[in-house]
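What follows is a single structure, written as structure tokens, with notes after it.
The values are calculated or read from the model by the stated rules, or taken from the named source; none is laboratory data. What you see is a predicted model; the values in this text were computed from it and never measured. Don't worry about glycine lacking a Cβ; one is built from the backbone with ideal geometry, like all the others, and counts go over all protein chains shown. Just the protein is used for accessible areas: all its heavy atoms, side chains included, with ligands, DNA and RNA removed. Shrake-Rupley method; radii C 1.70, N 1.55, O 1.52, S 1.80 Å.
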Amino acid sequence: MEEFPTNTNTKQTENLDEPPNSRLFVVTSRSITEDELRESFSVYGDIHGVWVVKDKQTKESKGIAYVKFAKSSQACLAMEEMHGRVLVEGTKPVKVFIAQSRSSTRHRDVEDEELTRIFVMIPKSFSEEDLKDTFKEYGDIEYCVIIKNKSTGESKGLGYVRYYKPSQAAIAIENCDKTYRAILAEPRTKAPVTEDYSGGTSRGDYSGGGGGGSDSSNQYAFPMADHGNYPAIDYRSSVDFTCCLMMSTRAALSQEQVFALFDLIPGMEYCELQRDAYGMNKGHALIRYANLGSSFYAREKLNGFEYPPGNRLSVNFVDDGEDRSSPVGRMAVQFVTTQMMSAPWNGPSSSQSMKPSFPISPMLRIQTDVNLPPLKKLAPPDSKAKERLFVVFSPSPLPPDVLEDVFCRYGSLIEVHLVPGRKVGYMKYSEKQVRLWTEGGACKQQKNRRHWV
DNA sequence: CGACGGGACGC
DNA sequence: CGACGGGACGC
């Protein structure tokens, strides 16, 4: 049996949490052995011990195990890479989490939310751009924030950096200049460290005593779908509601899987897996929708969604470069949010129903079912057709008036012609160069989108 | 003077 | 669902 080294005469439990977040909690098949675990996990770092928990009487595995790494970054990387993978043919996919520190009594999973944001001390002269430039070498940054005096606006010399992956935050903490004093940030809203007095928390030497358990109020801007106990989202980051979403995942997902998933919500314009530094299709994907209603709905439905089973996706807004600070932009945001709030929420408990059910409102239905370009006038009925689009419908054709409404937006449409009894039709235009999509990258998606039209 | 060490997010 | 062992150091 593999054992943690017995190199000191002090209780070993003190090593298990040193350094913090360097131990994995693995939920796996009962048949998996320590050797198999060590074999699979050893490529991610220096393993200091593997231990399969067994029933005291029967000595049978309980299907859970701990894997201790030398460094937190190694453990995080192993978690990100191994979560959801099948270790031995025919066994269930493993779930991998950072283990709770042994002194901790709670048995909640350690969420990515708690592992991706770091807290740093920086020169007062640092701008948020400086902060980003300094810490981007350790990983992809979701956002940077500097704590400032609210009245004068001057920096307090403290900042937060949110990465997309726990391993990136861990690498930053391990490798950045010591003068930054980088540590993991305590999650924002919950009262900081309530019961964990037992000499040092898993976060390292966090000594900043009080610091505001005062906030018991709901941080959500509005009632939200309840995705189990998925952690709260920071709505006050630099980015609020946009048409762009960033999806983060620990499981390996293919471009096709991500595409199919986000394409369930009508209005998807763009979806691309971002390769990580090692060229693996993991980590995160960028998705853009044609409108706020769609992106909002997609975030609601897919953030915290388990896909594949055992792997929770995180989906959040990212800056899409649009300015929504104008009165019109704000109204659009407000409109969408109120629609979403008042929409009958088909409960999350209903087994993650992922049907692209679009109850919301007539207004929103139009916004979301139909892609963006504005309506254009039809060409005179007797115009000569200079270009025709051949359209294949799957599963079946839509009403001609709907098609007209959609296809007239991309050129001067003369008429919609459906071939009777077939699932095909022609869109006749009086001009060449009918523009379907302005984005070059979206062309290949065209065929997949037909049935949403 | 200058080294040291400190540390928390507008609701 | 899925959370914490067995064995015995060295001055």
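Key figures for this structure:
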{"item": "Calculated FRET value between residue A:147 and residue A:264, using beta carbons and R₀ = 56 Å, to 0.05", "result": "0.90"}
{"item": "Contour excess over end-to-end distance, with Cα ends at residue A:423 and residue A:64 and 0.36 nm allotted per residue", "result": "124.0 nm"}
{"item": "Karplus (6.51, -1.76, 1.60) ³J(HN,Hα), θ = phi - 60°, over segment A:123-128, in Hz, Gly and Pro reported as x", "result": "x, 4, 6, 5, 8, 5"}
{"item": "Under-5 Å amide H pairs with residue A:183, H placed in peptide plane, nonlocal only", "result": "A:119"}
{"item": "Under the Debye formula (equal points on every Cα, no solvent term), log10 I(q)/I(0) of segment A:34-188 at q = 0.11 Å⁻¹", "result": "-0.53"}
{"item": "In Hz, Karplus ³J(HN,Hα) per residue of segment A:58-68 (6.51, -1.76, 1.60; θ = phi - 60°; x = Gly, Pro)", "result": "7, 6, 7, 4, 8, x, 10, 8, 10, 10, 9"}
{"item": "Amide H partners (placed H, <5 Å) of residue A:415, local residues excluded", "result": "A:428"}
{"item": "Gyration tensor (Cα) of segment A:73-148, equivalent ellipsoid semi-axes in angstrom", "result": "34, 17, 9"}
{"item": "Segment residue A:402-residue A:107, extension gain: residue separation times 0.36 nm, minus the distance between their alpha carbons", "result": "100.9 nm"}
{"item": "Placed amide H near residue A:148: partners under 5 Å, 5+ positions off or other chain", "result": "A:156"}
{"item": "Members of A:71/A:165; A:68/A:95; A:54/A:165; A:71/A:132 lying beyond 26 Å, as alpha-carbon distances in this model show", "result": "A:54/A:165"}
{"item": "Which of A:432, A:132 is most accessible, then next, and so on - probe 1.4 Å", "result": "A:432, A:132"}
{"item": "Difference of contour (0.36 nm per residue) and Cα-Cα distance, residue A:53 to residue A:388", "result": "114.0 nm"}
